[in-house]
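What follows is a single structure, written as structure tokens, with notes after it.
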Amino acid sequence: MKYSTQTATASTIKTPCFVTSLDGARKALTKKAEREALDLATRDFGNKLGQVCNANIGSTAAIQRLLVVGGCDGEVSETDYRKASKAAAASLARLPVASATWGLHHASVEDQDIYWRASTSLLDVSLAAYQYEKHKSKKAEPLKLRRVNVLADGRSRASCAKAAKEANALKAGIDFARDLGNEPPNVCNPSYLLKEAKKLGRADKVKVSALDEKKMEELGMGSFLSVSRGSDTPAKLIIVQYNGGKRNDAPIVLVGKGITFDTGGISLKPGANMDEMKFDMCGAATVLGATRAAIDAKLPINLVTLVAAAENMPSGKASRPGDIVTSLSGQTIEILNTDAEGRLVLCDALEYARRYKPKAIIDVATLTGACIVALGSHASALYANDDELANGILDAGTWSGDRSWRMPLWDDYQQQLKSNFADMQNIGGPQAGSVTAACFLARFTKGMKWAHMDVAGSAFQGGPKKGASGRPVPSLFRYLVDQC
Ligand code: BES
Ligand code: MN
Ligand code: ZN
């Protein structure tokens, strides 16, 4: 997919498909016969929000067809614009046209400018125009749509161009994250993640490296290594450094949970839906996706992305409940449940991040089932020890429609992690499971401006539409753009 701008008035454009409101459609057609074709096609169209009408005008017309989007003629709310835009994007992605002109962003939306409207719609197109057919021997027909031109006038030209440029980068980042997430766990193991991360290193100003198990052992990452011990595929701590900013600017550090398959280990998970634990590397996939987007957009920032990649398997070498390990920070951890493995890899990666003296550090993890109980799939759970950082991520989420909801990190929860035998235990009991997991991580991030996103509910879908969503790449990317 390629997004670009087209500066013109609607009545002068030539396009296989024009996406607009009903009034917009009427204004775009100047010839009488074409207006009649439109009237005929939209005769039974209710013009209600969420409805889309595909009006064929004719293959010789300048505008060969119109996707008429309902409910967008007057001023609409932000929520309604999103709804209309999503419906239009879903229809457009499935049309047999290679290119289209997008005009819906000229609708007026309460409190939102054309840059937001264009960005929002292009993200909708990006999400709708994703297919994952890699492992099917009989592939579905590939989507035809290759190019979307954002219609601009003299005044909105710069805003639309910025939206299109960012949308190209964001699409690449989201697709990268979704592809990694959807890849089966017999393919996507820690070395595969490293191989894919190395592709980012082809770009300018990017360096990709990794710590292997030997190096991690030397450093003293006993917590991280305890997770991969049961697996035949070795762990990796993947490091992507992008120096788009000034030499001495402190970097933003992103950390992703990259459990390429989570069986639970000796604290084995039940069999039902266990396949979905291939998505337990979606934190890693999305920090890599956001990094890809930042690189593609050539953002003037310094970024370090760490991926804690490991497979959590039961075996004769696996950790037992009751084992005590020493983390890189020196703090000891009693592993009471080997299925609470995400925090065990993350605590060492977070401690390792200190050496980059981060301006801010954000980790992303499918960390707890309790997060899904609390928030479902609509919001990622956000924890932070710094209000400015938290608000920056919340705002980025609201702006991009990829929302987070802030949760508490109060000290009161810390006592649930007390252990009789070590500095802490790795589970906090049945209450507030997403909070106590975050409180565990908080013990390793003192003195850094840190945020944690539990994306167990938002990063992938189960059921018939099973698949990686690419979230929270949109809000991470927006946060990074906002920092520039
Ligand atoms: N990867 C899971 C969390 C998860 C569950 C993500 C469902 C997405 C969907 C995590 O490693 C885990 O197993 N957490 C345990 C923690 C518990 C043992 C304290 C959980 O949530 O049950
Ligand atoms: Mn687990
Ligand atoms: Zn897990």
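Nothing in this text is a laboratory measurement; each read-out follows from the coordinates by a stated rule. Nothing here was measured: the structure is a model prediction, and the numbers come from that model. No Cβ is skipped: glycine too gets one built from the backbone with ideal geometry, and neighbour counts run over all protein chains shown.
How long is the gain from residue 8 to residue 431 if the chain were fully straight, where each residue apart is worth 0.36 nm and the alpha carbon distance is subtracted?
146.5 nm
How about segment 393-484: which trypsin sites (Lys or Arg not before Pro) there lie in a loop by DSSP and see at most 13 other Cβ atoms within 10 Å?
Sparse-neighbourhood loop trypsin sites (Lys or Arg not before Pro): 418, 446, 466.
With a cut-off of at most 15 other beta carbons within 10 Å, and DSSP calling the residue loop, which chymotrypsin sites (Phe, Trp or Tyr not before Pro) in segment 353-416 qualify? Please list them.
Passing sites in segment 353-416 are 410.
Straight-line reach only, C-alpha to C-alpha below 13 angstrom: list the aspartates and glutamates that residue 465 could link to, leaving out same-chain residues fewer than 8 apart.
Correct list for residue 465: 276.
Roughly how many whole Å is it from the C-alpha centroid of segment 364-404 to that of segment 294-345?
Rounded to whole Å, the Cα centres lie 20 Å apart.
What size of dipole, in debye to the nearest 20, comes out for the chain about its Cα centre when the only charges are +1 on Lys and Arg C-beta atoms and -1 on Asp and Glu C-beta atoms? Present the calculation step by step, with values, prior to reporting the outcome.
On the way: 62 positive and 51 negative charges, 385 e Å.
It works out to roughly 1840 debye.
If you average the alpha carbon positions of segment 196-263 and of segment 41-62, how far apart do those two centres end up, in angstrom?
About 50 Å separates the Cα centre of segment 196-263 from the one of segment 41-62.
Provide the per-residue ³J(HN,Hα) series for segment 460-472, in order, calculated from phi with Karplus coefficients 6.51, -1.76, 1.60 and θ = phi - 60°, each as a whole number of Hz, with x at glycine and proline positions.
Result, rounded to whole Hz: 8, 10, x, x, x, 9, 3, x, 6, 8, x, 6, x.
Compute the label zone of residue 155 within segment 100-131: residues whose backbone N is under 16 Å from the point 7 Å along Cα-to-Cβ.
105-118
Using Cα-Cα distances under 8 Å and only pairs 6 or more residues apart, what relative contact order does the chain have, in percent?
14
Go through 208, 8, 59 and say which Cα lies farthest out towards the positive end of the charge dipole of the chain; charges sit on Cβ, +1 for Lys and Arg, -1 for Asp and Glu.
Farthest towards the positive end: 59.
For segment 32-37, take each phi angle, set θ = phi - 60°, evaluate the Karplus expression 6.51 cos²θ - 1.76 cosθ + 1.60, and give the result in whole Hz per residue in order, putting x for glycine and proline.
3J(HN,Hα) across segment 32-37, in whole Hz: 4, 5, 6, 4, 5, 4.
Can you list the residues, at least 5 places off or on another chain, whose amide H is less than 5 Å from the amide H of residue 253, using H built in the peptide plane?
Those qualifying (amide H under 5 Å, at least 5 residues apart or on another chain) are 304, 359, 360, 361, 362.
Compute the length gained on full extension between residue 332 and residue 94: take 0.36 nm times their separation in residues and subtract their Cα-Cα distance, giving the result in nm to one decimal.
Value of the extension gain: 80.3 nm.
Could you pull out every residue, at least 5 positions away or on a different chain, whose amide H is within less than 5 Å of the one on residue 460? Hs are placed 1.01 Å off N in the peptide plane, and Pro or chain starts have none.
So residue 460 has HN proximity to 469.
So which of 86/246; 165/246; 215/357; 418/466; 418/446 end up more than 27 Å apart, counting from Cα to Cα?
86/246; 418/466
Report the longest stretch of the chain that contains none of the GluC sites (Glu not before Pro) sitting in a DSSP loop with at most 15 other Cβ atoms within 10 Å.
My reading of the result: 134-484 is the longest stretch.
Out of the trypsin sites (Lys or Arg not before Pro) in segment 58-160, which ones are loop residues according to DSSP with at most 16 other C-beta atoms within 10 Å?
Sites meeting the loop and neighbour criteria: 94, 134, 136, 138, 139, 144, 146, 155.
Between residue 231 and residues 5 or more places away or on another chain, which pairs have amide H atoms under 5 Å apart, with H built 1.01 Å from N, and which residues are they?
313
With each pseudo-label sitting 7 Å past Cα toward Cβ, what's the residue 248-residue 33 distance in nm, one decimal?
Here the modelled spin labels are 7.0 nm apart.
Where in segment 149-184 does the amide nitrogen come within less than 19 Å of the point 7 Å from the Cα of residue 275, taken along Cα to Cβ?
178-184
About the Cα centre of segment 30-130, how large is the charge dipole given +1 on each Lys and Arg Cβ and -1 on each Asp and Glu Cβ? Please answer in debye to the nearest 20.
With Lys and Arg at +1 and Asp and Glu at -1, about 460 debye.
Taking 0.36 nm per residue of sequence separation and subtracting the Cα-Cα distance, how much length would be gained by fully extending the chain between residue 77 and residue 395, in nm to one decimal?
Extending this stretch completely gives an extra 112.7 nm.
Between residue 219 and residue 410, what FRET efficiency comes out of the Förster formula 1/(1 + (r/R0)^6) with R0 = 25 Å and r the beta carbon distance, rounded to 0.05?
Efficiency at R0 = 25 Å is approximately 0.20.
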